[in-house]
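The structure appears right after this line, and notes come after that.
The values are calculated or read from the model by the stated rules, or taken from the named source; none is laboratory data. Everything quoted here is computed from the prediction, not taken from an experiment. Cβ placement follows ideal geometry from the backbone for every residue including glycine, while neighbour counts extend to all protein chains displayed. Protein only, heavy atoms only, side chains kept; ligands, DNA and RNA dropped before computing areas. Shrake-Rupley method; radii C 1.70, N 1.55, O 1.52, S 1.80 Å.
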Amino acid sequence: MWQYFFRRINLFLATSILLLLVLYIATGLFPVDKSFALSGIATPSTEQQLQINQTYQLQQSAFKQFIAYIQQRLSGDFGVSINSQQAVAGELTRVLPASLELAFVAGLIAIAFGVPLGVFAALTQNVFLQRLILAITLTGYSVPVFWLGLSLLLWFGVNLNWLPTSGQINLLYDIDSVTGVMLIDTLLSAKPYSFAAFQDAVLHLILPAVTLAVLPFTIVTRITRQALTNVMEQSYIRAAEARGLGTSKILFRHGLPNALVPVLKSIGLMLGTFASYGIVVEVIFSWPGVGNWLISGIYQRDYTVIQAGILSVSLLIISLSIFIEMLHTAINPVSRKELYASK
Amino acid sequence: MLSSGCSEPQLPSGLVYCSEGNPESFNPQQVTSGTTIDATSHQLYNRLIDYDPETKQFAPQLATQWSISEDGLSYKFELRQHVTFHNSHLFTPTRFFNADDVLFSFNRIIDPNNAYHHVGRNGYPYFQSINFSQLISSIEKVNEFEVIFHLNHKDASFMFNLATDFAVILSKEYADNLLLAGTPEDIDYFAIGTGPFKLHQYVKNDHIRYHRHTSYWGPKVDTQQLVFDITPNSTSRFTKLITGDCNVSALPRPAELSVITTQPNIRVVKNPGLNVAFWAFNTQKPPFNDLRVRQALAHAINKKKILSVVYNNSAVEASGVLPPASWAYSKHFDNNEYDPQKAKALLKKAHVTDLSIDIWAMPVARTYNPNAIKMAELIQEDLANIGVKANIISYDWSVFTQKLAKTDYDSVLIGWNADNNDPDNFFTPILSCSALASKNNYSRWCNIGFDHILAKAREQTEQFKRQPYFQAAEAMISNQVPIVPIAHAQKVVLKDKSITNLHVRPYGGISFAQTTQTSTKDKQ
């Protein structure tokens, strides 16, 4: 088992170094001076230039430069934003929590609605309902997220005027950023209107979170249904039935835990798509997260921001996928068995 | 689920303005971009004098009275007393505004030996473009509340220039403190002024928050909190206005104005603007140094079509640089009418074949040009008709202006919003030789004869004597075609119906000092 974890960690390190290498080479290809693309300082003084050369080892061999690059980036030094001349790391810590908030809530919605619906679809004997659920999930899966986002924005925001359509909160609420997660910050705030601000933040979150949740929701529903249907046909379930256990006991003790293992795996596989959907949703709903920041960085040719955005999002995806895979192995006896057999 | 069923959360009082972009700095002395002016001049600062477009008179701000000497070379200003500067986490003023602040604010611009002159990377583009440092010989402090500006030569535009949004008054005490602390550059970011609002917080790409300046010297300010919600996308600004996240929204697209009639809570505020959108050729770069090529390109474009597609016919076609709203305007014959055949003939005469040019188009909507990229596409089509290939180039706004400063472009679609009611403001800052140095002269055209005409116009003080000079300047532009004037647009903002006393002036930045809200919320 430990050997397995060790191998996964190795995989994580190898992928990350490869990612850094690609980013480093791409940085050299930007149509600007390399020291500018690395540091972001627009008009460096002589001392600053020396400092940059020293930090990034620009006079040294390519290998040493790459090592210096890794050192800087991993120690959290992303240079300054070309556009604002502020530290990129500072901007990143401001936008990252907002993205995590959106992704977390969207994921929560997807699981909270997807798993029960999948279970229902697997258990119901009604063919019409089964087909209906399949049709809904297939439609949800195929709808392009930008169209869905814009439509929801138009219906619920502009036409019905029920929900706000952009940003995290009405800006008249002056909320100090503590964690960066608006739902938490509003509650932590000592302002007299903190609860009203929380309500407003929730209202602002609904449309983007629902839009982002649609894709994982459909996947979770379908995988749950499929896995549970499989599991319920296994002989140990029939044995349990034969022993006279109640349906709910069979379902919650023997069926669902086994059915959720493939769901976990599919969530891990979905992360990349989920992140790119997240970027689209953030742009549509002007959500002040990493995606929005990255896209405006691209428009503004802000090379340091582009690097930091790509690095942080990719590292997050790599580490989460490997974490989920390890979790999957840890809780799944079948893959553990395979592991020992292959040893 | 949560819905509007539960009682409407009580919103803190304040006003949200959906603005179109990030300010470059918080010091209007250092910029000419309207976005920055909107966010700074009238909110954070005051000037010595103001110009009232209705009475056409100068009005007191930080100067209460002024007098001009017989020879027109000395301007004496009496300063207002008991004016307080803002306080912030970096600064608590210990004294009232006085003559030292005036001297500091202007010496920073004109005196290269001033400790602050070189702070900030942009210089002082507006003041450089009007050659301000050559104009002023010295600024004299008579006593605490009296200053005299000594000029080198007569200049009818001087008072107008003091009334522009750029000529703001900074705090000398704050500057001295920052210099001691070793962080002089903070003066332009953590701004301190005497204006109706003080800067509370700026989050790039997101918002700027202002609080009311409680001891403001001027008329009482109703708005306790002012927020600029930075929303570059025009459709997003519009939806935010509909959903109530904004109370006022900048720069609607002309196409959106037709949708507004379906929204009962939204009002349009408009005013014929003092502005001009133009297409500038880089006259220092071949083949644009050839007059015939410039004329050919000017003849090739169909302004009528641009007016209908880009402006939805809400703008006036430009025959010259001055808009009809300017007092020096007179309708005159434009030499560069739409005539593709003539354009082809001119190109042939200039022996130019297979011409391929770049058109730089602004990525953001400006008052004078709501959609430069669309305009560039139309021009591209027109140019294809005369056998010229055009590439459209666009970057995000801040990158765009930085790259333009490198001056290796072919041509650019840009424009000018007047800063004051002086016609000179349409010529000197954008077409004179001194404007070339300040990089505001996008055509990079420097003509001694043209500068001479403008100098003559400045020497006169009577409008009727100045007007012929401005018309001569117009004729010269029409003959030399450094730029092709395209349109004069209306200045439009959208507002929620609860907002009153929001005026759009024909020139300069927006002001929220007098704006009031009737009721906080009447949704549902």
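Couple of notes before you dig in:
- Among the candidates A:L38, A:L92, A:L11, A:L100, residue that is within 14 Å of chain B (Cβ to nearest Cβ), in contact (Cβ under 8 Å) with a residue 12 or more places away in the chain and assigned to a helix (DSSP H, G or I): A:L92
- Which numbered condition B:E185 misses (of (1) more than 26 Å from B:P363 (Cβ to Cβ); (2) open to solvent by 10 Å² or more (accessible area, probe 1.4 Å); (3) within 13 Å of chain A (Cβ to nearest Cβ); (4) at pLDDT 90 or above): (4)
- The combined condition, being within 30 Å of B:A328 (Cβ to Cβ), open to solvent by less than 10 Å² (accessible area, probe 1.4 Å) and out of contact with any Lys or Arg (no Cβ under 7 Å at 6 or more places or on another chain), is not fulfilled by B:S74.
- Residue within region A:123-132 that is in a helix (DSSP H, G or I), more than 12 Å from chain B (Cβ to nearest Cβ) and in contact (Cβ under 8 Å) with a residue 40 or more places away in the chain present: yes
- All positions within region B:224-260 that are out of contact with any His (no Cβ under 8 Å at 6 or more places or on another chain), of a type outside the set (G, A, S) and at the interface with chain A (Cβ under 9 Å from one of its Cβ atoms): B:T231, B:P232, B:N233, B:F238, B:T239, B:K240, B:I242, B:T243, B:D245, B:C246
- Meets criteria (free of Cβ contacts under 8 Å to residues at least 24 places away in the same chain, within 27 Å of A:T27 (Cβ to Cβ) and either assigned by TED's automatic domain parsing to the domain that holds A:G309 or crowded, with 18+ Cβ neighbours inside 10 Å (or both)) for A:I82: no
- Among the candidates B:A296, B:A315, the residue that is surrounded by 15 or more Cβ atoms within 10 Å (Cβ to Cβ) and touching a strand residue (DSSP E or B) at 6+ places or on another chain (Cβ under 7 Å) is uniquely B:A315.
- Residues satisfying the stated conditions in region B:440-483, i.e. within 13 Å of B:N131 (Cα to Cα) and basic (K, R): B:R458
Each row is one residue, and each column tells you yes or no for (1) over 25 Å from B:D50 (Cβ atoms); (2) over 28 Å from the mean Cα position of the chain (by Cα); (3) open to solvent by 10 Å² or more (accessible area, probe 1.4 Å); (4) basic (K, R).
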site: B:T84; (1), (2), (3), (4): no, no, yes, no
site: B:V147; (1), (2), (3), (4): no, no, no, no
site: B:D176; (1), (2), (3), (4): yes, yes, yes, no
site: B:L180; (1), (2), (3), (4): yes, yes, yes, no
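- Count of region A:159-184 residues which are more than 8 Å from every other protein chain (Cβ to nearest Cβ), farther than 18 Å from B:Q225 by Cβ, in a loop (DSSP other than H, G, I, E, B) and of a type outside the set (A, V, I, L, M): 2
- Residue tally, condition open to solvent by 30 Å² or more (accessible area, probe 1.4 Å) and within 18 Å of B:D101 (Cβ to Cβ), over region B:57-71: 4
- Residues in region A:146-158 that are surrounded by 14 or more Cβ atoms within 10 Å (Cβ to Cβ) and within 9 Å of chain B (Cβ to nearest Cβ): A:L153, A:G157, A:V158.
- Scanning region B:237-273 for residues that are within 17 Å of B:N371 (Cα to Cα) and assigned to a helix (DSSP H, G or I) turns up B:R237, B:F238, B:P254, B:A255, B:E256, B:L257.
- B:L90, sole failed condition from (1) open to solvent by less than 40 Å² (accessible area, probe 1.4 Å); (2) under 30 Å from B:L180 (Cβ atoms): (1)
- Number of the condition not met by B:T235 [criteria: (1) touching an Asp or Glu at 6+ places or on another chain (Cβ under 8 Å); (2) of a type outside the set (A, V, I, L, M); (3) closer than 21 Å to A:G157 by Cα; (4) open to solvent by less than 60 Å² (accessible area, probe 1.4 Å)]: (4)
- Restricting the search to helices (runs of 4 or more DSSP H) fully inside region B:352-449 and requiring at least 2 residues that are open to solvent by 20 Å² or more (accessible area, probe 1.4 Å) gives B:372-385, B:397-404, B:433-437.
- Scan of region B:16-33 for residues that are surrounded by fewer than 24 Cβ atoms within 10 Å (Cβ to Cβ) and part of a helix (DSSP H, G or I), ordered by number: B:Q30
- Qualifying residue in region A:137-145 (condition: within 14 Å of another protein chain (Cβ to nearest Cβ), open to solvent by 30 Å² or more (accessible area, probe 1.4 Å) and in contact (Cβ under 8 Å) with a residue 40 or more places away in the chain): no
- Scanning region B:111-145 for residues that are under 20 Å from B:L62 (Cα atoms) and either open to solvent by 30 Å² or more (accessible area, probe 1.4 Å) or within 14 Å of another protein chain (Cβ to nearest Cβ) (or both) returns B:S138, B:E140, B:K141, B:V142, B:N143, B:E144, B:F145.
- Selection of helices (runs of 4 or more DSSP H) fully inside region A:185-293 by the criterion of at least 3 residues being out of contact with any Gly (no Cβ under 7 Å at 6 or more places or on another chain) and open to solvent by less than 30 Å² (accessible area, probe 1.4 Å) returns A:194-232, A:256-284.
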